[in-house]
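Peer 1: I'd like to ask some things about the structure below.
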């Protein structure tokens, strides 16, 4: 993908109402989210915020430690 004239290093993260397309190779590399999740993040994330996209079996907490970030997520509910 060549978003905004980049050299395949910029990808779109956006809402999508076609849930059957999630997790499949059906776009040019964009990350699709539920529209309701995008709405929740809208006021919390600024445009051009750096995002690390990775494939891992590690938890979000473990990954924030790997990349040197402080985890500010929600507590997981007991199942």
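Since every read-out is calculated from the coordinates, none of them should be taken as a lab result. Every value quoted in this text rests on a predicted model; they were computed, and no experiment measured them. Cβ sites come from the backbone with ideal geometry, for glycine too, and all protein chains shown count toward neighbours.
Peer 1: Per-residue counts of other Cβ atoms within 10 Å, averaged by peptide: what ranking do you get for 61-70, 47-56, highest first?
Peer 2: 61-70, 47-56
Peer 1: Suppose R0 equals 22 Å. What FRET efficiency, 1/(1 + (r/R0)^6) with r the Cβ-Cβ distance, do residue 55 and residue 13 give to the nearest 0.05? Mind showing how you got there, number by number?
Peer 2: Details: r = 16 Å, r/R0 = 0.72.
The calculated FRET efficiency here is 0.90.
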